[in-house]
Structures are given as C-alpha cells and as structure tokens.
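Comments concern the structure below.
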There are 4 protein chains.
Amino acid sequence: MSRFQVRTDLALETREKFEEDNVEIKGVRIEEESAEEGEIKITNVVIETENGAKIMGKPKGTYITLEASNLNDQEEGYHREVSKQLARVLQKLLPKQETPVSILVAGLGNREVTPDALGPRVVDNLMITRHIIREFGKYAFGKQEIHPISSIVPGVMAQTGMESLEIIRGVIQETKPDCVIAIDALAARSTKRLGRTIQVTDTGINPGSGVGNHRHGLNRESLGIPVIAIGIPTVVDAATIVSDTMQTLIEAMSQSTHLKGLGSSLDSLNDSEKYDLIRELLSPNLNTMFVTPKDIDDTIKHLSYTVSEGLNIAFGEALS
Amino acid sequence: MSRFQVRTDLALETREKFEEDNVEIKGVRIEEESAEEGEIKITNVVIETENGAKIMGKPKGTYITLEASNLNDQEEGYHREVSKQLARVLQKLLPKQETPVSILVAGLGNREVTPDALGPRVVDNLMITRHIIREFGKYAFGKQEIHPISSIVPGVMAQTGMESLEIIRGVIQETKPDCVIAIDALAARSTKRLGRTIQVTDTGINPGSGVGNHRHGLNRESLGIPVIAIGIPTVVDAATIVSDTMQTLIEAMSQSTHLKGLGSSLDSLNDSEKYDLIRELLSPNLNTMFVTPKDIDDTIKHLSYTVSEGLNIAFGEALS
Amino acid sequence: MSRFQVRTDLALETREKFEEDNVEIKGVRIEEESAEEGEIKITNVVIETENGAKIMGKPKGTYITLEASNLNDQEEGYHREVSKQLARVLQKLLPKQETPVSILVAGLGNREVTPDALGPRVVDNLMITRHIIREFGKYAFGKQEIHPISSIVPGVMAQTGMESLEIIRGVIQETKPDCVIAIDALAARSTKRLGRTIQVTDTGINPGSGVGNHRHGLNRESLGIPVIAIGIPTVVDAATIVSDTMQTLIEAMSQSTHLKGLGSSLDSLNDSEKYDLIRELLSPNLNTMFVTPKDIDDTIKHLSYTVSEGLNIAFGEALS
Amino acid sequence: MSRFQVRTDLALETREKFEEDNVEIKGVRIEEESAEEGEIKITNVVIETENGAKIMGKPKGTYITLEASNLNDQEEGYHREVSKQLARVLQKLLPKQETPVSILVAGLGNREVTPDALGPRVVDNLMITRHIIREFGKYAFGKQEIHPISSIVPGVMAQTGMESLEIIRGVIQETKPDCVIAIDALAARSTKRLGRTIQVTDTGINPGSGVGNHRHGLNRESLGIPVIAIGIPTVVDAATIVSDTMQTLIEAMSQSTHLKGLGSSLDSLNDSEKYDLIRELLSPNLNTMFVTPKDIDDTIKHLSYTVSEGLNIAFGEALS
C-alpha cells in the first residue's frame, strides 16, 4: 500500500517502513551502535546511490539518529550524556580543517508555536563568538583558537514575508561562514518518536520537511556551502495519524476472525480502491493541522537546552 | 453509536450530535439569532432540567455561542463587532446589581503551549481597575462608578504543583470578588469549529473540560460565587479525530454501493462490536495528544485581543 | 559648557539645547504645527547644510517629531489619532512612485530587554504582504494594488555575532526592496521625553544612536536604498542623567543667594575645569547603564501597537 | 550626612555605609567566610536587637550574602559552585524537621520588565513536586521521601489589581505549606553590586523593598509561616545614583586643593542645608525610574538559572 505517502522527516522511519514491508533497499547502508550502557542508540543511515535516494525519497548523504528513550525526562546527567553524544556525531560531519571553521547556526521555525520553537530556542542558549573574535582577535578566549560562531533566527514567512532561504542566503553573502548548521523541528510518522529522537544529517533541510513544510531547501546546492541539519520530531501530521489508523483498521478487518465475512469483502478491494476509500474520507483541512503532545512545552524546554549544549561542546572542542 | 464518548466542550456540538441522530432532547431549549447582517450567529442552548443535563453530559444552565466564520481574519472592524456582541452576551449573564460588581477574571491554561495560551493572553490586555479604585476611591476614573476588576493567571499544575481551583479559591477568600469570569481554551469535536466559535456560559468550567482537562470544576459549587466561563475551541483531541474518522469509514463502508458485500458484513456488527473494534486500534498515547492548526499563533493573537476587548467593553459600560 | 556631550538621539532635543543657550544655527530650518486640537504637536527640523549638520551633530535631512503628552495613556481613540498622524508623516517621506513600493521593515533592538524591545514588537503587529503577493499576484488583496511589505528582526550582536547592518544588507541583496523602514528605541536627554515623542527621519539610523548604540549606520550610504527611521525614546543614558544633574547643581551654586561665597568660588572655574571636575566623579561603569521608567512594559506594549498601526495605515493607503 | 535616605535592599550595603562613617552598631553581629578558593565570599549579618534593627532600618534576623565577582560570566562550572553554596546557605535557614517540609516558592516581580523578571524566571526552572506526591504518594520519586514543592508567580499590581500579599496569603490558606521562599529582584545602592550578590534572609520581604517597591511585607507576621527571601540586586534607584554622585561632588569640592575657596564656602553649609540643596535639584520623576545595565537580559538568564539550581539542590538533598 506504498501509495499512501505518509510524511516523515526521519530517514530512520522511512527505512523501518521498508523493513516492515520486507523490502530491501539497494544503495542504502545501515550501521547501529549504542552508548551510555545501551540507553542511547545511534543509527547511521547512509544513502549512497541515486537509486537509494529515489526509493527513500530523501537526498544522498548521511543521516545519523540518536534515540534516547528518556529524553523527556528531567534528569540532568542523562541530558548531559546525550549532549556529549550529539557533539561527537556533529564533529564527524563538520568540515575537517586545521584552522577555525566559521559556523552560522540557523534556528528555523516559529517561536510562537510551541512545537515549532525548537530551532529559535536552541539558538537562545548558544555561545556566540564571532563578534568577540572580530573585536578582540583570534585569541580573545585566551587559550587556543576558537571557531567564530554566529546565529540567525529567520522566523517564518507569515511573519517576515520572506523565505528562510532568502534571509540565510543574504546573511551568508555578507558574512561568509564556512558552514551552516540548521536546527529545525520535524514531523515524524509515529507519535512514539516525538521528543525521543535527534537526527543529524549532512544533506541539510529539504523541501517539504519541518513542522511548517519548507518550500525551498537549505542545502549545499541552494546555499553554496555545507549544511548540516539537526532535527527533532515534535509533531505528526494530522492527516498521517488518521490515515495510518484507517489502514490499521482496514487491515484488522481483513484479518479479523471476528469479522470473517468482512475480511473477504475487503480482500476484494485492491490497493488503489482502498486508497480512494481513505482519501475520500480524509477531511481536507487536516492538511493544515498537526498532532502534538500536551506537555510539548517541557519537551521543547529540555531538548532545546540539550541540543544547544551539544553544539557548545562540539564548537568548544573542535580544535583541540 | 452513542457509546463513543468523543469529547467536546461545546454545548452546541453536543446538541448537533443529537440532531444528526434525530434524537429530541427534553429539557433543552434552543434559540437562535444573528447579528452584523448575518455574519455572526448567536445560539442560546438552555439546559433546563436534570434530565436535559444528563443527556447533554453538561450541567444545567445557559450556553450562549457566537459563531463568526471570519474570526481567523485580520480585519479589525469585524473583530470589533464580535467584541461588541460578546460584551452584550456577557452583560446578560453578569449579576444584576445597581452598584459596582467586583469581578475576578481568571486566565486559565498554559501560556507556554500556544493553543492553551488563550486565557493568559486575554488577561494581558484587560483594563485592571481594582487597585486604582482602592487607592483613589470609587470616582478614580472621573465620571461614573466603575467595576473593580482584578485578574489572575493561575498557570497549570505541572508549573505550580497546585490545582487552579486551589489558587483561585484562595484568592477569592482574600479579595472577596462578587463574581468570577474564567477564560479558557476548549476542545471541540470538529476541526471546523477551531478559532471560529466563542462559548459563554453561566455554568463555569467543569471537570474534564479545557485543553488541559481540568480535574476539578470552577463553578458556583466549588467557588461559592457565580462563575461565568468564556471559551474558544483551539484543539481537537487526537483520539476524537481518529475515532471520528474511523466511524465515518465504517459508516461509509456500510452504505457504499461500491462495497455491497462489505456493507452487509458490517451490518452484522452491533454497536458494541464496532466500539470494541475501534477501541482496540486506538493507540493509547493518543490520549495525551491534541490536534491544532499550524497557524494557531495567529488565531490566539487575534482572538485573545477580541475577547479582552469584549470584556473591556462589558466592564466599561456595565453601569451606564 | 558645550563640551559635555550628553547624548540624545532626538534632533528636537539638540535644537532645544541650542535654543536654551541662545545660539542660532544656520542651515537648520524649523516648522511647527499641531493636530488633534493641539494635543499632538508636530515639529519639522530640516538640517539643510553641512554646517548645520556639523553643529547639530546629525546628518543632513528631515527630522519630524510627533509629541503627544498622553501617549502613555491607555485611551484607545487617542492612540488611533497618533497612528493616523504618524501615517501621514511617513507618507511624506516614502519614495514617491505610482507603482507599489516594496518595503522592508527592520525591527531593531533586543527583544529581551524591555525598553529596547520596541522595534521587534512593532514588527509583531505588522500586516506582512510580500509572500502573499508573490504567491497570488498583485491583485491578491482584491481591490487595488498593494505594497509588498516584508520584515526582519535582526537581533543584537550578543545574540547573533553579527552587526544588524550585515544582516539587513544581506537580506536587501536577496530580496531587493525599494526602501527600508527601521524602527528603534532611542536614548533621550531628558526623562520627560520618554515614551512621549516619535521621531521620523529620512536620514536612517546613524552610528552611536539607539538604546544599544549601533556601531554602524543603517542609511542610504550603507544600504544603497532610502532608509526611513522611526524612533521613540525609552531610556536616558545613566551618565547623561548624572552629568546633567551635576551641571544643574554647579549652576545653582553659582547663582544661589544662599551660597554667595560658593558662587564666587565657582565663578573662578572655567568650563574646562568644571568639565574635569564632573568627569572625575562619573563612575566609569555608568556608560554601560541606562535609566528607564518602572512601567516601561506598558509604554512598550502601547507604543509598539500605535507605531505598527501607523505603518499599517500608511502602507494600506499609500497607493490610493 | 545620614539624612540622605538612599535606598538599598542589601543589609551588607547598609552595614558598609556605617563602616565608612566609622559608626559602630550595637546589636548587629557580622561573620565572614569564603568558599571556592576565595572566589565566593559569604557574609552573615545578624541583627540581634531592636536597637540594631532601628539603626539598620531592617527587621531583626539573619541576612546571608554571597558575593561572587564572576556571576555575570557564562562559565557553567562556576555557576554550579554558586548554586551549591546557595543550597547550603538555604538549608541553614529552612525549618528543621525530620519529615518533609512543604514549601511554596513565590516568584515576585514583573516578568515583562527585564530586571524585575528574576523571581518569575527562577520559578520557571524549579522542580515542582507537590502535585506528583499528592497523586502518587510520598514515595512517588522512588527512594526517599521528598519535599512537596509548589510555586506561584503572583504578578504585579498593575497586571492583577491585587497585592502579592493577598494572592500568596490566599494560596497559603488553601494549600497549607510549612514555609514560603520568596524570590525577588532588589535595588542596590551601588552599580557595582548589580548581578554579583545574592542575599538570603529569614526576615522575608519587607515594605519598600524590591524593584517595584512592595507596599506590604511578605513575612512571618503577614503570612503566619516562616518566609525566607532570596534576592539579587538588578537595579539602582535613579534618585539614589544621582544623589550619591552629588554628594560625592560636594565632598570633592570641600576637599579639593584645586578649589580651596569653594571648599571653605561649602564648609559653611551644614548637613541640613546640603540636603535641601540636593533635594531641590532632584527631578521628581526620578522616583519612578531605575538604572540597570544594558546586558541585564544575560544577567537575568544566567542568575535565574543559578538560583533555581540552588533551590533544586537544596530541596533534593534536604532530607538525606
């Protein structure tokens, strides 16, 4: 029933979908490891070929996912460990250079809509250094050289009248960073992922992703420099959640011993007919809606802090 | 299929449900009118008997609903008209007195979760007068006497460790207002209602209502003084939206000429079996999720302003 | 005692200083008018020559000041009138064109520091149209053509690591507006001005102005397009307030009949000695401090709304 | 010149004033210690007698001050150390009990005015437990018993129309905590103290203290239970800063070899005449103004976090 294009921004979920369907994907390599006594699971999904990219519906590149079941927890030590693992993963993807790398961190999303506020709030807690280095020189922080870090919160189109792409491209032209790190809240397919997964990728932000659905990508092609994206799923599209449950219902009906007669009737429907049936029933304004947990404010507060700590660690250590 | 207790805080929606099912409810009286050349529809639902209350699942009392299709619009003049109608409706429900009525406005909900921030943000724009009257006397505002208005934003239990009821009851004991007006974001059954309906009721806030599901009511019984509640639906429970769509699917299957065989199979299921089928499929963590529009920040910004204007007008004119 | 360079961003205050000292300034033309039955006073200061610019310490150009004594008031009708006058003044300075003028509004300052939050909060209430016109064409709003309005809140250097100039110049390169309107909180010389004066100028924002002291100007030279600046004084520099009071003290001593002996002693000091005396006593960390009223939150809330209304009116009517 | 009642909320500053003047105060005991290799200085001022209280202008009780010169710094380890010292100091003042002590934390001040937002923002990061213990029992957190912590942000009178005292007293009546901890931003006499000093006292909040000048105290007398106050100076009253500088000026004149004649003239003024001279020159609206650093947003962000960490540590360990 692959024609139901339910939306997920997580490469991990796309892969799992194929796994469920027992489809093997050529051109996609997967590696798993775990840290912190098994409490943090790290999965590398590398899309190596154009074919793999086509099947996965995502660009070629590396997608590293940190899964941490207790991320919603307030336990500080655990968050610190996740920050450290995030820093380690990030350093793998940052441009290798022996001199400082100037980095522009872009906090995408809408600060006024709680589940979309992740990016802006990560930026709030970053250690910003570019202006200090420009004023006091490269040894402004005493010891070793330090990366010049700048940041921008572009806002959303309804607030600015501009694409994030336009704003960030303009800022890059003026300030010439070596690399962009874009932080964004993502849409997952499953509510179980919400607030429990961090995806880091060297493919940037691509059209259609994010809570607010970016119309234009932020990636090497559009910005001219490497773009690393860090995303955490905070919503599920309302259409996805309804469509998923309906598929489960139809499948359950087909198999139910309870509903033998019904099962056989549904068997007579092919995938295309099932698809039409669901499409017909989906309210059109569901496309403008999302599903999010009631305690999303806590999730955003804690996770934005965890991610900014991860960035601060990665930037602070990157030259040592 | 009445055993599916899908949740709505709107008396209007409960009534519509019965209307759909062609059930007449004794003890519930309904009146409709319209204002502003038909663009604002006002419906009075009066639950007159205990029997009516039982069927409706809501306490006896008056529920006045303003429906305004363009409330999401930014057109200022239209919002002004809605504020005026709200003021008029509110004045009907306020205690009749010839002397000033001291009013405590309680902005319920969680300021940090956008669709739940309505109450706190209405309070932000209120004209507060109690402290001025206490300092400068009852003619502090020159002309006529004015109602002493105070306000409280109690926050939510995860932030305070206390029930809203405890905080408000304590404040009432100390400051002795004549009446409470509680503002809250509500859950509707249908996404079409979101941000388009204002409900004003003299029954207060009752257990289970609101975006965050109040566990204790705020009403005359619990607070000892009249409680008027003003609510606007800003979310639909995730379980409601899924369950509703599934019912629609099952009904469509029963009727579809396309699916004759299927229909007859489903006919063989009684309501209880249908209910079990859906219940089984509903993911349990959906209960902690809600559905809300992506532009909920705009809705909250405009509607909180419209409601506080309505209150300011009502309080300003109430003695003239 | 002109060597005390007390700081003011208001051309009006600079002029008044000279008036007090009975100094006539060549090359500076002044016109006054009043509106709303005298409650709004409008003063045009036009610096016409380089000589005038040098004496005034401000670039050549037009500085229009609206003084409105009740701006701190909550009275809505009065604010509406100020918004209308602001719109009228603004339209005089906007580029004259028969076709729509695309305008980028820049909300300068630090949203996290109350008296510096004016710019960001004006932008919050603007009607943004550029993205709608780009998607739906120039008749997107039905009737006549409308100006494409975009906005940016660049933040402050401690948050972004970048100059506002860099961000805005980049955004201009990408989006090619015809004109910039920059909104900023200003420093006045006198606490009496705070929250009561709006300055509109076609000279932009110049180095050293604003609450946070911009190091680089935002003007036609630096941005390549016309820049109109709208500013409201919300702080007085702490050094200014102390230095001013000390001068008053010294002058009072010189004249006091009470202190005849003292007067004559002070007469023996020349200006330079008086200057050294004060300078010596001024605590150096006063330079990083500002003075602001305790109810600055109310001022910012009401004035940001008044200014954004003024802009919305000006943009809405500009082509009619 | 003791008749100049310049305002300070810090017992430490009051004492220093007397020290400068070489006045010994009977009934006031002082102890000093230092921690963290001398980087944190801790001073206990104990006002033991009514006479001491009268001279100091503060109620009898214990005032413990932590001075930490680098508090404005972002260095995380250092803040952690300050949090630990604060926890230790706090535990000394908390009621001694072998069973859990239920504590209501009150975050005083105005969230909308940056230097006054300390209290509300400390509360934002507290670990709140009362509701969890009420729902899941006293072993809800596994190991040992834990203190039930609740919190309230009462807002300011312009927002609520009520005194903080009224709100907190009402909440206490309803929820019966054993003890209140009130957090508030304070006024210091010297700009050097701002953001560098934490005062903890068992005397509560007393009339006239705080950035917004509380009119009624929050203390054992008014609330009926012990009240510990934690305060950090974030502003200097504008009148204080001006009056202080003028005194310095007058004193400098009296002593200046440069200004011999002047000195002798001033000698002829007695204190009362000097006082009249300054009073005359002080602009009356200075009383509604405060002085605060331009980077107060950073100070509040970091210090509110440091204080809430201190509280979380104190509450978490208090029973172990």
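The values are calculated or read from the model by the stated rules, or taken from the named source; none is laboratory data. Keep in mind that what you see is a predicted model, and the values were worked out from it rather than measured. Every residue, glycine as well, gets a Cβ built from its backbone with ideal geometry; the counts of neighbours run over all protein chains shown. These area figures cover heavy atoms from the full protein model, side chains too; ligands, DNA and RNA do not enter into them. Shrake-Rupley method; radii C 1.70, N 1.55, O 1.52, S 1.80 Å.
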Rounded accessible area per residue of segment C:178-222, 1.4 Å, Å²: 32
Potential extension, residue B:54-residue B:247 segment - 0.36 nm per residue separation minus Cα distance: 67.1 nm
Segment B:39-89-segment A:152-229 distance, computed between alpha-carbon centres (Å): 42
Cross-link partners of residue A:26 among aspartates and glutamates (Cα-Cα below 19 Å; sequence separation of 8 or more within a chain): A:13, A:16, A:48, A:50
Charge tally in the Cβ shell below 10 Å around residue D:113, where Lys, Arg are +1 and Asp, Glu are -1, residue D:113 excluded: -3
Mean separation of Cα contacts under 8 Å (6+ apart) over length of segment D:186-234, as relative contact order %: 50
Average other protein chain Cβ within 10 Å of Cβ, residues D:170-181: 4
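Over 19 Å between Cα atoms: which of C:41/C:92; C:192/D:294; D:60/D:84; A:96/A:176; B:138/C:192 fall into that group? Before the final figure, lay out the partial values.
Numbers: C:41/C:92 17 Å; C:192/D:294 21 Å; D:60/D:84 26 Å; A:96/A:176 17 Å; B:138/C:192 30 Å.
From the list (C:41/C:92; C:192/D:294; D:60/D:84; A:96/A:176; B:138/C:192), the Cα-Cα distance tops 19 Å for C:192/D:294; D:60/D:84; B:138/C:192.
Counting other Cβ atoms within 10 Å, keep those with at most 15, restrict to DSSP loop, and tell me which chymotrypsin sites (Phe, Trp or Tyr not before Pro) in segment A:125-193 are left. Numbers along the way, then the final one.
Working: sites: A:136, A:139, A:141; in loops: A:139, A:141.
Those satisfying the criteria are A:139, A:141.
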Inter-copy separations for residue A:26, label at 7 Å along Cα-Cβ, nm, ascending: 7.5, 8.8, 10.0
Distances in nm from residue D:221 to the matching label points in the other copies, shortest first (labels 7 Å along Cα to Cβ): 4.3, 6.3, 7.5
Label-point separation in nm, residue B:139 to residue B:216, each point 7 Å along Cα→Cβ: 4.3
Estimated FRET transfer efficiency (residue D:158, residue A:92; beta-carbon r; R0 45 Å; 0.05): 0.30
Extension gain from residue B:17 to residue B:99, taking 0.36 nm per residue of separation minus the Cα-Cα distance: 25.3 nm
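Go through A:175-184, A:48-57, D:27-36 and give me the packing order, highest mean Cβ count within 10 Å leading.
Values: A:175-184: 22.4, A:48-57: 15.3, D:27-36: 13.8.
Most protected by this proxy first, the peptides run A:175-184, A:48-57, D:27-36.
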Compactness index (Cα Rg / 2.2 N^0.38 Å), segment C:49-187: 1.20
Closest approach to the A/C rotation axis among chain A Cβ atoms, residue and whole-Å value: A:170, 2
Over segment A:119-189, relative contact order from alpha-carbon pairs under 8 Å, at least 6 apart, %: 30
7 Å along Cα→Cβ, label-point gaps from residue A:176 to other copies, nm, shortest first: 2.5, 7.1, 7.4
Peptides ranked, highest mean first, by Cβ atoms within 10 Å: ranges D:107-115, C:285-293, D:217-225: D:107-115, C:285-293, D:217-225
Per-residue HN-Hα couplings for segment B:113-126 [Karplus 6.51, -1.76, 1.60; θ = phi - 60°; Hz; x = Gly/Pro]: 10, 3, x, 9, 8, 3, x, x, 7, 4, 4, 3, 10, 6
